[in-house]
Every structure is written in structure tokens, then in C-alpha cells.
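These notes are about the structure you will find just below.
The values are calculated or read from the model by the stated rules, or taken from the named source; none is laboratory data. All values reported here derive from a predicted model rather than from experimental measurement. Note that each Cβ is placed from the backbone with ideal geometry, even for glycine, and that neighbours are counted across all protein chains shown. Remember, those area values only see protein heavy atoms, side chains included, never the ligands or the DNA or RNA. Shrake-Rupley method; radii C 1.70, N 1.55, O 1.52, S 1.80 Å.
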Amino acid sequence: MNILVLGSGGREHALVWAIRQNPKCDRLFVAPGNAGMGSLARQVDIDILSADAVLEFVAAEAIDFVVIGPEAPLAAGVGDALAAAGILHFGPSAAAAKLESSKSFTKEICDACNAPTAGYGHFTDAEAAKAHIRANGAPIVVKADGLAAGKGVVVAMTEEEALSAIDDMFGGAFGAAGAEVVIEEFMAGEEASFFILSDGKSILPVGTAQDHKRVGDGDTGPNTGGMGAYSPAPVLTTAIQEQVLREIVQPTVDEMARRGTPFKGVLYAGLMIENGYARLVEYNVRFGDPECQVLMMRLGAQILDLLLACAEERLHEITVNWADDHALTVVMAAEGYPGDYKKGTEIRGLSALPETSSQMAFHAGTIERERKILANGGRVLNITARADSLAEARVLAYDMVDQIDWPEGFCRKDIGWRAL
Ligand code: ATP
């Protein structure tokens with residue numbers, strides 16, 4: 001079959017790499033892709049936020065299946081346009097993608113199906129929000145309702161911090177995303193991510209992971225898009241996974257179906273685990289980046305069969321073949337990230353790295369110019385390895401990092417510390 005993957009990050013490189021290994025895949029395209037994907041897929045330069053442009057390409061190249069990687073085309077309704085045109089695709093409708101794009105919507109769904117999550121209040125008025133904060137005290141969490149690229153959340157340790165977050169949000173610091181605010185009870189515990197496919201009715205877990213949000217070793221410094229990840233996440237024991245599927249994910253999927261907006265795609269549940277019990281922090285409606293890289297390395301070629309079963313509403317027929325393995329990815333970023341950073345610095349040594357089923361350098365922000373690989377973003381490479389143990393996977397990944405000659409790049413040296 002002919003397949004088109006939308007996106008350009010490390011997540012999409014990993015998806016393309018795994019899909020390419022499946023014998024069902026004939027021609028493979030990626031739009032727009034990045035410098036690492038050239039040998040796996042044909043890169044095409046179309047506007048992936050334009051449903052018309054995607055549909056036109058699908059028709060021209062007789063594409064049988066479209067995999068939507070990032071959230072932006074989902075929110076832009078590309079999934080809906082493909083559905084309307086009868087094109088098989090992986091990725092939810094814009095209405096179902098509200099599970100990520102609106103925090104108050106997710107809370108409403110949790111209420112409706114009794115899914116455990118932080119207690120909350122929802123406010124469109126600054127004074128009412130402040131009264132709620134004064135009544136409940138700190139620690140407390142203030143969130144802009146809409147998408148704010150991970151920056152619209154303030155975990156306030158003092159009442160003053162929470163009150164000033166309200167002033168910022170209603171003062172327009174997050175544009176329209178801050179016109180409504182959700183104030184949540186602070187949940188203590190350890191965070192982990194759980195990835196579950198849903199075909200609108202049935203669900204199928206496809207792995208657990210933990211990421212590293214802070215830029216510096218020992219979880220210090222500002223938040224980032226993620227500096228590394230590993231899978232599985234030992235904190236998500238089998239018993240807790242079962243609790244999450246039973247009390248959170250299946251009820252969510254059932255409630256979405258009951259409302260006439262079934263969720264088809266991957267639910268990425270951000271969870272807080274305390275005393276052997278998980279509560280929902282948030283949903284995302286796509287694979288995480290860099291969590292996808294470790295999941296794809298563990299799932300390999302079967303991912304195509306899983307995504308197809310999801311799109312064709314036959315998840316109940318399929319099982320995941322798990323190896324007893326561990327994967328870890330180290331993000332290499334441009335110096336200065338997540339603040340200002342330089343683009344265009346040259347990265348050497350990539351062509352000498354192993355490219356096997358258990359060691360891959362997935363590209364994120366890279367570009368090829370005159371046969372050189374240049375950094376073209378903040379997060380640039382995802383050095384990923386798989387082994388029988390997490391400790392071995394970590395050694396393999398950092399061995400690769402050591403072979404890369406990129407003076408203007410950096411990475412965290414402690415990815416995996418929590419599980420090791
Ligand atoms: P992202 O998608 O980048 O993780 P987001 O903007 O969608 O962020 P959330 O995931 O809801 O926001 O919150 C970001 C982080 O804030 C969480 O990963 C968690 O560490 C912390 N957090 C959010 N809600 C709570 C809560 N109720 N109690 C404690 N910590 C919280």
C-alpha cells in the first residue's frame with residue numbers, strides 16, 4: 001500500500017522508520033519530513049495544515065493510508081477532511097481532538113465518566129478565580145484552558161504565585177487560550193505516560209514511557225518539549241495500567257462515543273501516580289515526542305498493522321507482540337534551547353553511526369545543505385537505543401552521542417535516572 005506520513009519531527013522519523021520495515025508498505029511519503037528520512041521515504045513539500053493540499057496529494061499519488069503525526073493538522077481538521085473523502089487515516093477528528101485542545105472539555109468528560117483526576121474549578125472571571133484560590137490555598141495549579149504549547153500551566157507553590165498567574169492569563173499573556181482558566185487541585189506523585197490506541201470503541205495499549213521535561217541534569221532549569229525518554233516506565237505496573245484502562249481510558253472512549261464524537265487514534269494519557277493509584281493529568285491526542293521514538297523502537301514493523309487496525313475499527317482482532325526489552329532516547333539540542341539558539345551549525349559523524357533495529361539516530365530539527373547535515377531547530381537529534389535492560393540501552397545511546405561531532409549541541413547526561 002501507499003502511505004503518507006504528515007510531520008517533520010523525531011516522532012515522524014521514528015514512525016516512518018518503523019512503517020518502512022513492514023512488507024505491506026510499498027511507496028512511502030513524508031510531508032514535509034526532515035534530513036534524516038531521505039533513505040526511507042520520499043519527502044514532499046506540501047502544506048500539511050491545508051486539507052485541500054493533503055487531499056490533492058493523496059489523489060495524485062494514489063495514497064491508501066495517511067498517518068497524522070503532530071497535533072496542528074488534527075486541530076486544523078485534516079482528519080475530518082480525509083474522513084469526508086473516504087480516505088483511510090490515523091488521527092482523530094477535530095471534535096475528538098478537543099481532549100487535548102481544551103482542558104475544561106477533558107475535565108467535563110472525566111466528570112461525566114467518573115475518571116479519577118484532580119478536583120477543579122473553571123473560570124472566565126478573574127475575581128471569581130482569585131476567590132477560589134484564596135479559599136483553597138496553595139499548592140494549586142492554574143491552567144489556561146486552550147493550547148499554549150505547554151506554557152499555559154503554572155504549578156503554584158504559594159498563593160501569591162497563583163494569584164499573579166491569574167493576572168497574567170486574564171491579562172492576555174496566552175491570547176485566546178487564557179480567556180478561560182482551569183484551577184486544579186495539586187496532585188503529588190510521580191508522572192508517567194501511557195499510550196493507548198482507540199478505534200472509537202475498543203482500546204489497545206501500545207506502551208508506557210517517562211520523559212524528562214527540564215533542560216538540565218537532575219531535572220533542573222526551564223521546561224522543554226522533552227529532553228529524553230525511556231520505555232517501559234516501571235512506575236506504571238501491570239496493576240496500575242489495568243486501573244487506568246478500566247477507570248480512565250475505556251470510560252473516556254465510551255463517553256466520547258456516546259456523545260457522537262468517537263475518539264479514533266492514539267490517546268496519550270499523562271498520569272500522576274501516588275501510592276499505587278493513577279489519576280489523569282491530561283490527554284494528548286497524538287504520540288508524544290520523544291516518547292514515540294522509544295515506542296517505535298520497541299514495536300518495530302508491527303506498528304503499521306496496529307495503526308491500520310485502529311483506522312479500520314478492528315482493534316479487538318489484534319494483539320501487540322512485546323519483546324522483553326527496554327528503549328531509551330537522548331535528545332540532542334542546539335545550545336541555548338529552550339531559549340534562543342543558533343540554526344545552521346554543522347553536525348558531523350552521523351553517517352558513521354549504526355542504523356539497526358536497536359540503534360538509530362532519529363532526526364528532528366535537521367536540514368541537508370550541500371551534503372552536510374545542519375541543525376535547523378531547537379531539538380535536533382534523538383539518539384535512540386534498545387536492549388535487554390534499560391542500563392544497556394542507556395550505554396548504547398550515549399555511545400552514539402559520543403560519536404557525534406557537534407560542538408554547538410548539548411544533551412542531558414542523566415536520561416533514565418529515575419528508573420535506574
Ligand atoms: P504538556 O502537554 O506540555 O505536558 P500542558 O500545557 O498540556 O503541557 P499539563 O500537562 O496539563 O499541561 O500540565 C503540565 C505539567 O504541569 C504536567 O506535566 C505536570 O507536571 C504539571 N501539572 C499539571 N496539572 C497538575 C496537577 N493538578 N497537580 C500537579 N502537577 C500538575
Subject >> Unit charges at the beta carbon, dipole of the range 190-317: most positive-side option, 290, 316, 210 >> reply: 316
Original post:
What length, rounded to one decimal in nm, is gained on full extension from residue 27 through to residue 408, with 0.36 nm per residue of separation minus their alpha-carbon distance?
Top reply: 133.5 nm
Subject >> Centroid-to-centroid separation of the range 348-376 and the range 250-270 [C-alpha atoms, Å] >> reply: 37
Original post:
At 222 nm, what helix-only mean residue ellipticity would the chain give, in deg cm²/dmol to the nearest 500, using -39500 (n - 2.57) for each DSSP H run of four or more?
Top reply: -8000 deg cm²/dmol
Subject >> Per residue accessible area in Å² of the range 190-317, where ligands, DNA and RNA are left out and the probe is 1.4 Å >> reply: 33
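Just to confirm a number: summing +1 for Lys and Arg and -1 for Asp and Glu over residues other than residue 308 whose beta-carbon lies under 13 angstrom from that of residue 308, what do you get?
On the way: positive: 24, 264, 314; negative: 64, 199, 305, 312, 313, 317.
Charge balance near residue 308 sits at -3.
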Subject >> All aspartates and glutamates inside 13 Å of residue 343 as judged from Cα atoms, apart from same-chain residues fewer than 8 positions distant >> reply: 335, 368, 408
Original post:
Can you give me the Cα centroid spacing of the range 400-420 and the range 27-54 in angstrom?
Top reply: 29
Original post:
Using alpha-carbon positions, what is the distance between the centroids of the range 207-227 and the range 293-342, in Å?
Top reply: 18
Subject >> FRET efficiency, residue 159 to residue 220 (Cβ-Cβ, R0 22 Å, nearest 0.05) >> reply: 0.30
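Quick check: residue separation of residue 312 and residue 125 times 0.36 nm, minus the Cα distance between them. What number comes out in nm? Display every interim value, and only then the final one.
On the way: separation 187, 0.36 × 187 = 67.32 nm, distance 4.39 nm.
Between residue 312 and residue 125, full extension yields an extra 62.9 nm.
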Original post:
Comparing 158, 237, 329, which has the greatest mean-square fluctuation in the GNM of the chain with Cα pairs linked when under 10 Å apart?
Top reply: 158
